[in-house]
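This report concerns only the one structure given below.
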Protein chains: 2
Amino acid sequence: MKYYLAHITITLRKAILDVQGKTVENALHSLHMPALSNVRIGKHIELDVHAPDKETAQDLVEDACRKLLANLVMEDYSVDILEPRKNGQMK
Amino acid sequence: MKYYLAHITITLRKAILDVQGKTVENALHSLHMPALSNVRIGKHIELDVHAPDKETAQDLVEDACRKLLANLVMEDYSVDILEPRKNGQMK
């Protein structure tokens with residue numbers, strides 16, 4: 001059993017109006033940054049997964065996304081599992 | 001001038017207690033997922049950058065992070081600029 005690090009990105013679906021993103025975009029334009037547009041804000045979640053292999057870790061995290069972390073009606077998720085290195089740090 | 005897509009990840013610094021992450025971790029354990037731990041929750045921001053080259057795009061987005069998007073006292077940010085492809089989609 002090893003500890004994997006999982007990076008999860010949860011984003012609002014394209015068809016859903018992102019009010020928070022629109023507000024941030026207006027604020028950026030007020031701060032004289034007109035080059036930035038189409039701001040969309042989502043969640044970034046990092047967690048440790050105790051699992052025998054990478055596939056099991058991926059399954060566990062996707063299960064958590066479906067059951068708790070993401071609202072599948074409005075949001076999409078993507079999961080990235082990082083291998084633990086021998087010295088205990090993640091690559 | 002091209003449109004680059006920027007992915008920004010904003011995370012709480014390690015030394016800061018992540019109350020929201022701890023709450024999610026407790027919820028995961030209540031849902032019989034004890035293999036998941038050390039949950040930390042941050043923000044994921046996507047935006048378009050209108051800039052002549054990738055370096056300028058990176059500078060514009062980092063400037064926005066410092067001025068508005070991240071609270072540098074408590075948060076770290078990382079910026080990833082994706083090149084536009086010829087057909088207008090991002091790679």
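The values are calculated or read from the model by the stated rules, or taken from the named source; none is laboratory data. Small disclaimer: the values here were computed from a predicted structure and weren't measured. Cβ: placed from backbone, ideal geometry, glycine included. Neighbour counts: every protein chain shown. Protein only, heavy atoms only, side chains kept; ligands, DNA and RNA dropped before computing areas. Shrake-Rupley method; radii C 1.70, N 1.55, O 1.52, S 1.80 Å.
Distance from the Cα centroid of region B:16-36 to that of region A:21-45 is 30 Å (rounded to whole angstrom). The alpha-carbon of A:Lys67 sits under 20 angstrom from the alpha-carbons of these aspartates and glutamates, leaving out residues fewer than 8 places away in its chain: A:Glu46, A:Asp48, A:Glu55, A:Asp59, A:Glu75, A:Asp76, A:Asp80, B:Glu25. The value obtained for the protein assembly as shown, namely the Cα convex hull volume divided by the number of residues, is 141 Å³ per residue. Interface between chains A and B: roughly 2600 Å² of accessible area buried, both sides summed (probe 1.4 Å, protein heavy atoms only). Ordering A:53-60, B:36-43 by mean Cβ neighbour count within 10 Å, with the highest value first, yields B:36-43, A:53-60. Against chain B, whose longest principal axis comes from its Cα atoms, helix B:19-30 is set at around 60 degrees.
Per residue, the solvent-accessible area of the protein assembly as shown (1.4 Å probe, heavy atoms of protein chains only, all protein chains present) comes to 57 Å². Each of A:Ala64, A:Ala35, A:Ile45 was scored by the projection of its Cα onto the charge dipole of region A:2-82, and the greatest displacement toward the positive side belongs to A:Ala35; charges sit on the C-beta of Lys, Arg, Asp and Glu. FRET efficiency for the A:Leu72 to A:Lys22 pair, using the beta carbon distance and R₀ = 35 Å, is estimated at 0.95. Around B:Ala35, what is the net charge, scoring Lys/Arg as +1 and Asp/Glu as -1 over all other residues with Cβ under 14 Å from its Cβ? Once all neighbours under 14 Å are counted, the net charge is -4. Here the protein assembly as shown is assigned +1 on the Cβ of each Lys and Arg and -1 on the Cβ of each Asp and Glu. Its dipole about the Cα centre then comes out at about 20 debye. In the structure shown, the pairs A:Lys54/B:Lys54; A:Lys22/B:Lys43; B:Lys22/B:Lys54; A:Lys2/B:Lys22; A:Lys43/B:Lys54; A:Lys22/B:Lys2 are assessed against 27 Å; a Cα-Cα span above that value is assigned to A:Lys54/B:Lys54; B:Lys22/B:Lys54. The residues neighbouring A:His7, those whose beta-carbon lies less than 9 Å from its own, together hold a net charge of -2 under the Lys/Arg +1, Asp/Glu -1 convention. Report summary: the helix-based calculation at 222 nm, which adds -39500 (n - 2.57) for every DSSP H run with n ≥ 4 and divides by the residues of chain A, gives -8000 deg cm²/dmol. Shape class for region B:2-82: prolate, because the ratio a/c of the largest to smallest gyration tensor axis (alpha-carbon atoms, square roots of eigenvalues) is 1.5 or more and a/b beats b/c.
Dipole magnitude for chain A: computed about the Cα centre from +1 point charges on Lys and Arg Cβ and -1 point charges on Asp and Glu Cβ, it is near 180 debye.
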